[in-house]
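Derivation of every value follows stated rules applied to the coordinates shown; laboratory data play no part. Small disclaimer: the values here were computed from a predicted structure and weren't measured. All Cβ positions, even for glycine, are placed from backbone atoms using ideal geometry, and neighbour counts span all protein chains on display.
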Amino acid sequence: MIIIMRSKEQWGTKIGLVLAMAGNAVGLGNFLRFPVQAIQNGGGTFIIPYFICFLLMGIPLLWVEWSMGRLGAKHQKHNLPSILQLLSQYSWVKYLGVFSLFTNIVVAAYYTYIESWTLGYLYFSITQKFSGQNLQEVQNYFEVFKTWYHYEGIIFWLITCGLNVYILSKGIEKGIEAAAKLLMPMLILFAISLAIFALSFQKGDFGAVHSGIVGFDYLWTPDFSGIWKPKVWLAAAGQIFFTLALGMGTIQCYASYMKKDEDIALGAMASGWLNEFVEIVLGASIIIPICVGFLGLDKIQEWVKLGGMGLSFKVLPYLFSQWGLITGTIAGVFWFGALFFAGITSSLSMGLPLTSFMNDHFGWSQKKGALLFGALIFLLGIPCILSPIIFDEFDFWAGSFSLVLFAVIEIVLFSWIWGIEKGWNEINENAKIRIPIAFKWVIHKVTPIFLITVLVANIPGLIQKLLEETNPEILVARLMMMLIFFVCLYAIHKSSIHEA
């Protein structure tokens, strides 16, 4: 018998846990993806399917994933393969935990690349790089900045990878929790300051053609004609997954380091609603109101087609440079600072499933595991930088499809295989709030059926996508993902032999 020295780390404080969980969920999508998704899917009417998905899918899955994590804490299991094994007597169930390793490694590879853009533009805001440049020059620079041959972009990417590895190597309390306690309050402060400015400036201020409220109205103007379109509901469901970091195994991993008597019912709600506040109240009150206010409705309708990335990196730096040295610098620092803080608190969570797995099964230190994570995201990040096509393929399969697929697996295991009675008791154990009994039925019936329906509805399109694509870069991307997937499977298999 080989003795494995497992980590005895825990979250230092309850607020640290909630802020870290919120940091896991609050990411670039809250500020860049949500406003554009809302505009493209009915404006104010988008919030209807969005909140229905949040109530019937988001909240139930948050409770499920938090309770799975605390169950792992009771058995000193901090990785998803081992936690899933607790839900079933069948030994093969642990292999389903491959999704937590595969998904987080692949997503982190391209996510840290995007994250590095925000760090670069934070530096450019401080140094006034875009002062005196016109809109076209600012746009052209971004297209060059994100290429492999631009040294500044590569430098910021390497710094970002290094920061992730350094903080992750410090462990739970001294690394991730300390970062969350510092960065999350700063993120919220920066975002609130920008939102107040965006909703208060008037026509003529700094050259604005409209007041900020005009842009806010444009974002939330309802279009009820598309409320029943399947694509609107799929977009809402996708945004919930994206914004709450569901189906990745990161929540279970974070929750597995909590105290065994922790209240997960209230904790899950606190982190979930904090994320919703950042997304709906703050995320929707910055980028669109500012862009509409200073560029006008006609131009913004064209720019929205480019998505939040285009607006953030091609438009806002130009606008900030027109506001004068002090105001423009502060606005740029607050905007890109908020984006960077949101990005790094999310990418840190992607590294913990791997480091916890290596510690639980092979006795690796947090530092050694962090270095492995850094090496993997560096190697997989290179093809993402070289090819936008590979970047997009990674995002689709690992950052979208994989999340829904694993969510189906975990909800079926939790409520049907392990049993809804055990699951419901686990969720309510030590709860300081009374969860409506209706959610027991939602978790057992509604959420699984909803997720299975979403997955099945997309299968024909997925098959067509697999069969019709012949682009060599896409095939290379898929081969790389298959390699990572099977290596992760082998690691889980090896871990079983190692402990036997």
Give me the one-decimal nm value for the distance between modelled label points at Gln40 and Val456, 7 Å along each residue's Cα-to-Cβ direction. 2.7
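Give me the net charge for the shell around Tyr50: Cβ to Cβ below 10 angstrom, other residues only, Lys and Arg +1, Asp and Glu -1. The partial results should precede the final answer.
Working: positive: none; negative: Glu276, Glu279.
Combined, the nearby Lys, Arg, Asp and Glu give -2.
Please tell me the relative contact order of the range 14-499 in percent, rounded to the nearest whole number, where contacts are Cα pairs under 8 Å and at least six residues apart. Working shown, then result.
Numbers: 724 pairs, mean separation 164.4, N = 486.
With pairs under 8 Å counted, the relative contact order is 34 percent.
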Cα-based reach from Lys314 at 25 Å (exclusive), listing lysines while leaving out same-chain residues under 8 positions away: Lys129, Lys146, Lys203, Lys299, Lys305
Based on the mean of other beta carbon atoms within 10 Å per residue, what is the order of 446-452, 82-88, 21-27, 238-244, most packed first? 21-27, 238-244, 82-88, 446-452
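Ranked by Cβ crowding within 10 angstrom, fewest neighbours first, how are Tyr218, Tyr50, Tyr149 ordered? Before the final figure, lay out each step's value.
Working: Tyr218 20, Tyr50 27, Tyr149 9.
Ordered by Cβ neighbours within 10 Å, fewest first: Tyr149, Tyr218, Tyr50.
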Taking K and R as +1 and D and E as -1, what net charge do the other residues with C-beta under 14 Å from the C-beta of Leu199 add up to? -1
Given the range 403-491, what count of lysine pairs have C-alpha atoms under 21 Å apart, with each pair 8 or more places apart or on different chains? 4
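Please compute the contact order of the range 81-212 in relative form: average sequence separation of alpha-carbon pairs under 8 Å and at least six residues apart, divided by the residue count, as a percent. Please list the in-between numbers first.
Values: 67 pairs, mean separation 19.3, N = 132.
The normalised contact order for the range 81-212 reaches 15 percent.
What dipole magnitude, in Debye to the nearest 20, does the range 1-120 give about its Cα centre under +1 on Lys/Arg Cβ and -1 on Asp/Glu Cβ?
Details: 8 positive and 3 negative charges, 84 e Å.
It works out to roughly 400 debye.
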Could you compute the FRET efficiency for Thr13 and Ser131, with r as their C-beta to C-beta distance and R0 at 51 Å, rounded to 0.05? 0.75
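Going by average Cβ density within 10 Å per residue, which order do the peptides 370-381, 109-120 take, highest to lowest? Before the final figure, lay out each step's value.
On the way: 370-381: 19.9, 109-120: 24.8.
Put in order of decreasing packing, that is 109-120, 370-381.
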So, with +1 on the Cβ of K and R and -1 on the Cβ of D and E, and no other charges, what is the size of the charge dipole of the range 383-500 about its Cα centre, to the nearest 20 debye? 520
I need the fraction of alpha carbon pairs in the chain separated by more than 35 Å, rounded to a whole percent. 31
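Set the Förster distance to 45 Å, then compute FRET efficiency between Leu158 and Phe224 from the Cβ-Cβ distance, nearest 0.05. Present the calculation step by step, with values, prior to reporting the outcome.
Details: r = 48 Å, r/R0 = 1.08.
Calculated value: 0.40.
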R0 = 51 Å: FRET efficiency of Glu421 with Lys231, Cβ-based, nearest 0.05? 0.85
For the residues Met68, Met358, what sequence is obtained by ranking on other C-beta atoms within 10 Å, fewest first? Met358, Met68
Computed [θ] at 222 nm, deg cm²/dmol, the chain (DSSP H ≥ 4; -39,500 (n - 2.57); rounded to nearest 500): -22000 deg cm²/dmol
Degrees separating the helix 325-362 axis from the principal Cα axis of the chain, which is the longest one: 10
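Can you put Thr327, Thr355, Thr470 in order, fewest other beta carbons within 10 Å first? Working shown, then result.
Details: Thr327 13, Thr355 27, Thr470 7.
Least crowded to most crowded, the residues run Thr470, Thr327, Thr355.
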Might you report the magnitude of the Cβ-based charge dipole of the chain about its Cα centre, with Lys and Arg at +1 and Asp and Glu at -1, to the nearest 20 debye? 960
